[in-house]
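Pasting a structure here, questions to come.
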Amino acid sequence: MKKIALITGATSGIGKATAELFAQHQIDLILCGRRQERLAELAMQLSQSVKVYTLCFDVRDKEEVFRQIENLPTDWKQIDVLVNNAGNAHGLAPVDKADLVDWEAMIDINVKGLMYVSKAVIPSMVERKSGHIINIGSIAGKEVYPNGNAYCASKYAVDALNSGMRLDLVQYGIKVTAINPGLVETEFSLVRFKGDEQRAKNVYKGITPLTAQDVAEVIYFAVSRPAHVNIADVILFPTAQASSTVVNRV
Ligand code: NDP
Ligand code: 8X3
């Protein structure tokens, strides 16, 4: 039986790589993001192999998230896999200097956005007593690092929500998985440093970082386990990384 996956943040990085890998494995896709052109381009590419539907919304917009997910065509309503991936860091500054707008963005997108999408998708999983939620956390949700403050707080919240979802949804046979990567070279640092390419590049200097594809492979591994197996929580580092702050650069 073919599965349907809804992936947030499918226009770039980990979400896009996951969409491409799922398509290779014949999983039909609901691709979400704010950048309509990228959604359309990816949909065109992947619809060569699977059915694709796109939803263009900002996860911060609660009404729009619910409106679009609740109004999915009948054939797309039974979402088997939800990948809560949309998110970013905004800034990297000490608490006394950090920008409140950046803090609000991280809480609104990484935490509240994930909650809105989950609340819109979960009822149908509960009704069917089946489904799999993959929450993309971070090593930043396991260890706080200097200047990480609000980004770390947002990912600690994802960690707690992941456990909360697993505890509350186990009675319905719904799987809940957290994938917590370390350094992955995507558009992440470019967004964090507001388009400063050099600063973004320096994050990965002297190491071989994870690629979005590396993370997608772990996500696919989790969703492809037999029905009785749930991968609860994974930390995934590049080999050169041992913790948030211990990175062996050459
Ligand atoms: P990218 O910047 O490459 O991708 C982020 C994705 O999130 C984009 O598709 C973007 O789409 C979407 N997004 C951002 N803000 C919003 C919003 N307000 N509404 C809807 N979609 C939004 O970064 P990554 O692929 O690296 O990040 C994906 C996830 O992985 C994030 O949750 C991040 O915290 C996490 N992560 C990343 C790590 C890394 O080192 N790269 C490590 C650990 C975790 P669009 O702009 O089109 O809306
Ligand atoms: C992204 C990884 O170390 O920049 O979540 O927080 S890190």
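When the helices in the chain are scored as -39500 (n - 2.57) per DSSP H run of 4 or longer and the sum is shared across all residues, what 222 nm value do you end up with, to the nearest 500 deg cm²/dmol?
-12000 deg cm²/dmol
Can you pick out the pairs among Lys112/Lys175; Lys3/Lys112; Lys112/Lys142; Lys51/Lys194 whose Cα atoms lie more than 29 Å from each other?
Lys51/Lys194
Could you give me the ³J(HN,Hα) list for the range 55-67, computed from phi with Karplus coefficients 6.51, -1.76, 1.60 and θ = phi - 60°, whole Hz, x at Gly and Pro?
Each residue's phi maps through the Karplus curve to give 10, 9, 8, 8, 4, 6, 8, 3, 4, 5, 4, 5, 4 Hz.
Whole percent per 5 Å bin, from 0 to the bin with the longest distance: what is P(r) over all C-alpha pairs of the range 6-49?
P(r) over the range 6-49, rounded to whole percents: 5, 28, 39, 22, 5, 0.
Please give the peptides 125-136, 7-18, 85-96 ranked by average Cβ packing (other Cβ atoms within 10 Å per residue), highest first, as a rough proxy for protection.
7-18, 125-136, 85-96
Here's something else I'd like to know. Can you tell me the alpha carbon radius of gyration of the chain divided by the globular rule-of-thumb value 2.2 N^0.38 Å?
Relative to the rule-of-thumb radius for its length, the chain sits at 0.97.
Tell me, in nm to one decimal, what length is gained between Met1 and Asp75 on full extension, where the rule is 0.36 nm per residue of separation less the Cα-Cα distance?
25.3 nm
Please list, or write none, the aspartates and glutamates whose alpha carbon is within less than 13 Å of the alpha carbon of Lys62, excluding same-chain residues fewer than 8 places away.
Glu70, Asp108
Can I ask one more? Of all beta bridges DSSP finds with both residues in the chain, what is the antiparallel percent, to the nearest 5?
Approximately 5 percent, going by the DSSP bridge assignments.
What accessible area per residue comes out for the chain, rounded to a whole number of Å², with a 1.4 Å probe?
Per residue, the chain has an accessible area of 48 Å².
With the Cα gyration tensor of the range 92-131 in hand, convert its eigenvalues to equivalent ellipsoid semi-axes via √(5λ) and list them largest first in whole Å.
Equivalent ellipsoid semi-axes, largest first: 34, 8, 5 Å.
Give me the orientation-averaged projected area of the Cα convex hull of the range 194-235, in nm², one decimal.
4.3
With θ set to phi - 60° and the Karplus curve 6.51 cos²θ - 1.76 cosθ + 1.60, what are the ³J(HN,Hα) couplings of the range 210-215 in order, to the nearest whole Hz, using x for Gly and Pro?
My calculation for the range 210-215 gives 5, 9, 4, 4, 4, 5 Hz in order.
Let me ask something additional. With no solvent and one equal point scatterer per Cα, compute the Debye intensity ratio I(q)/I(0) for the range 165-227 at 0.11 Å⁻¹ and report its log10, rounded to two decimals.
-0.41
What is the percent carbon and sulfur in the accessible area of the chain, measuring with a 1.4 Å probe over the protein chains and ignoring ligands?
Exposed carbon and sulfur together represent 54 percent of the surface.
When the Cα atoms of the range 1-109 are enclosed in a convex hull and the volume is divided per residue, what value in Å³ results?
In the range 1-109, the Cα hull volume divided by residue count equals 102 Å³.
Hey, with R₀ at 25 Å, roughly what FRET efficiency would Val95 and Arg249 work out to, going by the Cβ-Cβ distance, to 0.05?
Given R0 = 25 Å and the Cβ-Cβ separation, E is 0.40.
If I histogram all Cα-Cα distances within the range 19-79 using bins 5 Å wide from 0, what percent of pairs lands in each bin?
So the P(r) values, bin by bin, are 4, 19, 27, 23, 20, 6, 1.
Regarding the range 40-183, what's the average projected area of the Cα-atom convex hull, expressed in nm²?
The Cα convex hull of the range 40-183, projected and averaged over all directions, gives 9.7 nm².
The values are calculated or read from the model by the stated rules, or taken from the named source; none is laboratory data. All figures in this text were calculated on a predicted structure; none of them were measured in a lab. Reconstructed Cβ throughout: ideal geometry from the backbone, glycine too, with neighbour counts over all protein chains shown. Calculation scope for accessible area: heavy atoms of the full protein, side chains included, ligands and nucleic acids excluded. Shrake-Rupley method; radii C 1.70, N 1.55, O 1.52, S 1.80 Å.
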